[in-house]
Amino acid sequence: MKKFPSVRRAVLGLLLVMAAIAHAGPARPNILFILADDTGYGDLSATGHPILKTPNLDRLYHEGVRFTDFHVSPTCSPTRSGLMTGRHEFKNGVTHTILERERMNPDAITIAQVLKSAGYTTGIFGKWHLGDEADHQPGKRGFDEVFIHGGGGIGQTYPGSCGDAPGNKYFDPAILHNGQFEKTQGFCTDIFTAQAAHWMESVKGKQPFFCYLPYNAAHEPVSCPEEYKKPYTGKVTDRLATYFGMVANIDENVGRLLAKLDEWGIAKDTLVIFMNDNGGYAPSCKIFNAGMRGSKGSAWLGGTRAVSLWRWPGALEPHDTNGLSSKIDFFPTVAEIAGATLDEKARTQVEGRSLVPLLHDAHAPWPERVLFTHAGRWPKGADVQLFKYSDCSVRSGQWHLVSDSPPGKPRDKGWQLFDVTADIGEEHDVAAEHPDVVARLDAEYDRWWASVVPMMINENAVGPKINPFKELYWKQFGGGPSAEDLKLMSPSLIPTLGK
């Protein structure tokens with residue numbers, strides 16, 4: 001069987017489906033995918049945080065399959081792009097989080113489109129951040145129900161296409177619902193959760209659903225209801241207490257959703273997946289980061305290692321699995337579980353592997369692979385070759401090859417090598433002791449870089465003069481650009497924004 005990995009995958013997939021049927025679960029489960037913004041691997045009680053209390057996420061942790069070596073991108077749009085398409089974000093043109101470089105190539109096939117083709121109804125509630133212009137929005141990318149804010153964070157706006165409705169804040173935001181703004185009341189995470197629950201209740205039992213719930217929390221600017229902040233006030237700085245309150249609020253909302261699945265009688269029919277979208281919030285990482293170096297925005301383990309929890313009662317037995325896995329694996333895994341057939345274009349697009357073998361068996365054969373990280377974020381219009389070795393890494397097996405070269409400065413490669421099985425804190429550079437490993441991974445990186453540069457289609461993209469969300473908002477409610485909006489239209493700001 002080892003000589004025929006495709007056959008083995010098929011058999012494991014069949015066993016997974018048979019297990020679901022045996023436990024009264026469907027062959028095609030509902031899928032609830034919750035993605036937290038800027039929380040880190042260490043921001044759960046279950047992963048060791050000494051201050052934060054996350055009882056509902058801990059429940060998911062203990063009741064599901066836990067990927068202990070799962071990696072995302074250093075920042076948010078890139079990760080979301082990889083999740084949606086099953087390939088590295090640079091191949092979707094996503095090399096930043098703003099300045100048109102957050103826009104996912106319209107030609108890319110999304111997991112929502114694939115699930116629709118398999119008979120699922122699809123909804124998104126929260127943060128899209130893969131293009132705010134009409135042809136890039138989720139309603140054109142496979143989602144039937146769309147309830148989102150604009151830009152990368154509620155209230156954030158940058159020159160060009162990336163931005164939110166005017167005056168938006170975390171409390172009482174205006175949300176774009178199927179093309180029309182709705183003025184809401186309450187805290188954003190509570191609002192997105194309630195809307196997702198309302199939609200799931202309305203469609204359950206009619207056809208399987210894919211509910212994508214990408215929270216904007218706990219992204220800055222930090223803000224939360226006072227009752228969630230209060231338990232942490234006085235233990236840490238006020239800013240960090242507010243951040244912890246945002247995480248605690250996410251945790252409570254996850255608990256509400258799990259309770260709803262039980263109330264509706266569909267818990268066994270629903271695969272619940274929880275992840276975070278990049279490395280942790282730096283001030284929190286200074287308190288606890290599971291021993292890892294780095295945080296959001298870096299290519300160190302602390303910038304890419306993520307929580308990845310998969311709970312499907314009856315069909316998946318709880319266990320840890322340590323196979324090297326990635327956000328690009330989400331697409332093929334969900335497609336396989338949903339029984340979706342990928343057409344030739346989708347098969348060619350997807351670089352990731354189905355995680356079904358590891359979901360079924362923690363010790364399933366998992367051949368060595370090579371994963372690439374690059375933080376991107378170079379200035380608009382820059383020569384990308386000057387940034388080839390800036391904040392990047394190559395991971396394969398026990399080895400992590402890292403360069404944190406200063407941005408935009410041509411220099412030697414500056415590779416450092418770490419054996420992360422023995423040195424998760426990446427404190428001891430062993431490049432000198434293993435030049436063969438450095439040479440092998442460096443050659444892999446050269447090949448990868450050459451393959452992605454031609455696909456960076458947004459590097460010189462010109463965005464609209466007025467942010468699309470603001471323009472649509474003014475069209476619906478009246479009004480026009482403020483003095484601040486007019487300043488953001490100035491091209492002179494473009495090279496310096498987005499840090």
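For Ala439 and Asp485, the difference between the fully extended length at 0.36 nm per residue and the C-alpha to C-alpha distance is 11.6 nm. In the chain, taking the dipole from charged Cβ atoms about the Cα centre, the farthest positive-side position among Val65, Leu52, Asn249 is held by Val65.
With charges set only on the Cβ (+1 for Lys and Arg, -1 for Asp and Glu), what does the dipole of the stretch 5-360 come to about its Cα centre, in debye to the nearest 20?
600
Sorting 474-487, 335-348 by average packing, meaning the other beta carbons within 10 Å per residue, from highest down gives 335-348, 474-487.
Charge tally for Gly303 (other residues, Cβ to Cβ under 15 Å; Lys, Arg +1; Asp, Glu -1): -2. A simple count of charges around Asn276, restricted to other residues whose Cβ falls under 11 Å of its Cβ and scoring Lys, Arg +1 and Asp, Glu -1, yields -1. If you wrap the Cα atoms of the chain in a convex hull and average its projected area over all directions, you get 22.5 nm². Using all pairs of distinct alpha-carbon atoms, the Kirkwood hydrodynamic radius of the stretch 371-455 works out to 13.4 angstrom. Full extension of the chain segment joining Lys183 with Glu471 gains 102.1 nm, where the gain is 0.36 nm per residue of separation less the Cα-Cα distance. Working ranking of peptides 233-244, 305-316 by packing, defined as the average number of other Cβ atoms within 10 Å per residue, highest first, is 305-316, 233-244.
Three semi-axes describe the equivalent ellipsoid of the stretch 219-292; taken as square roots of 5 times the Cα gyration tensor eigenvalues and ordered largest first, they are 28, 16, 9 Å. If you take the square roots of the eigenvalues of the alpha-carbon gyration tensor of the stretch 86-227 and sort them as a ≥ b ≥ c, do you get rounded (a/c under 1.5), prolate (a/b over b/c) or oblate? It comes out oblate by the Cα gyration axes. Which distance in Å, rounded to a whole number, links the C-alpha centroids of the stretch 146-188 and the stretch 242-320? Distance between centres, Cα-based: 24 Å. Of the cross-linked pairs Lys116/Lys268; Lys169/Lys229; Lys91/Lys380; Lys296/Lys345, those separated by over 23 Å at the C-alpha level are Lys296/Lys345. Spherically averaged projected area of the convex hull of Cα atoms, the stretch 143-260: 8.4 nm².
Taken over the stretch 19-151, the alpha-carbon convex hull comes to 142 cubic angstrom per residue.
All of the numbers you see were taken from the coordinates with simple rules; none came from a lab. These figures come from a predicted structure and were not determined experimentally. We place every Cβ from the backbone using ideal geometry, glycine too, and count neighbours over all the protein chains shown.
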